[in-house]
Amino acid sequence: MSQVSAEFIATRIAILTVSSRRGEEDDTSGHYLRDAAHDAGHQIVAKAIVKENRYAIRAQVSAWIADENVQVVLINGGTGFTDGDQVPEALLPLFDREVEGYGELFRMLSFEEIGTAMMQSRAVAGIANRTLIFAMPGSTRACQTAWEHIISGQLDARNRPCNFHPHLKK
């Protein structure tokens, strides 16, 4: 049984860009996620860029998981197969539960856009301390795919038959 709201309820979102090359001025994917979430009516409560290091990633995400003001973390970058792509390894130990369908659905949608290259995406999602975490590749197009086709609907309390609102910190 799901709880469904008749009205939109904004979530409090933190955005993390994982990159050893990008800074705030050229963080196009982080800017896309910030703008898309804001335009949808959500509140951006934090934004950061960390280098490709699983412990730095885990430390930032852990701080947000412990922060009562953060309900959702959106992570772009660090989900591929290069040596620096450490996001799944950083996140999996933190999850209370993994959202297995997210990565599967993301790869299915990506196949339509980039063909079999989607096999190198290790997009993951989970929940930790009632904080929902979505990790996606660092390209702006991948962030658009994840946001528009998966995440935005699941952050909308009006979404039927279910959404993630009942599982988030209040």
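Below is a table of values for the structure above.
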| quantity | calculated |
| --- | --- |
| Additional length obtainable on full extension of the chain from ALA117 to GLU7, 0.36 nm per residue less Cα span | 35.7 nm |
| Net charge of Cβ neighbours under 13 Å - reference ASP96; Lys, Arg +1; Asp, Glu -1 | +2 |
| Segment 12-167 - charge dipole about Cα centre, Lys and Arg +1 at Cβ, Asp and Glu -1, debye rounded to 20 | 240 debye |
| Helix axis angle, 28-39 relative to the chain longest principal axis, alpha carbon, degrees | 10 degrees |
| Environment charge at VAL87 (Cβ cut-off 11 Å; Lys +1, Arg +1, Asp -1, Glu -1) | 0 |
| Sequence-separation-based contact order of the chain, relative, with Cα cut under 8 Å and 6+ spacing, percent | 28 percent |
| Antiparallel content of DSSP bridges confined to the chain, in %, to 5 | 30 percent |
| Alpha-carbon centroid distance for the pair segment 65-97 / segment 120-170, whole angstrom | 12 Å |
| Distant-in-sequence amide H partners of VAL45 (H built 1.01 Å from N, under 5 Å) | ILE13, ALA14 |
| Percent carbon-and-sulfur accessible area, the chain, ignoring ligands, DNA and RNA, probe 1.4 Å | 51 percent |
| Residue-averaged [θ]222 nm for the chain, counting only DSSP H segments that reach four residues, each worth -39500 (n - 2.57) | -9000 deg cm²/dmol |
| Cα-based shape type of segment 12-167, given that a ≥ b ≥ c are square roots of the gyration tensor eigenvalues and the cut on a/c is 1.5 | rounded |
| Phi-based couplings in Hz for segment 11-16 (Karplus 6.51, -1.76, 1.60; Gly and Pro marked x) | 9, 9, 10, 10, 10, 10 |
| Charge sum, other residues only, whose C-beta stays under 14 Å from PHE106's C-beta, Lys/Arg counted +1 and Asp/Glu -1 | -3 |
| 1.4 Å probe accessible area per residue over the chain, in Å² | 49 Å² |
| Residue-wise HN-Hα coupling along segment 54-65, computed from phi with Karplus coefficients 6.51, -1.76, 1.60 (Hz; x: Gly, Pro) | 4, 6, 5, 4, 4, 5, 5, 5, 4, 4, 6, 4 |
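The values are calculated or read from the model by the stated rules, or taken from the named source; none is laboratory data. All values derive from a computational prediction rather than experimental measurement. With ideal geometry, Cβ positions are generated from the backbone for all residues, glycine too; neighbour counts draw on all protein chains shown. Heads up: the accessible areas ignore ligands, DNA and RNA and are worked out on the full protein's heavy atoms, side chains in. Shrake-Rupley method; radii C 1.70, N 1.55, O 1.52, S 1.80 Å.
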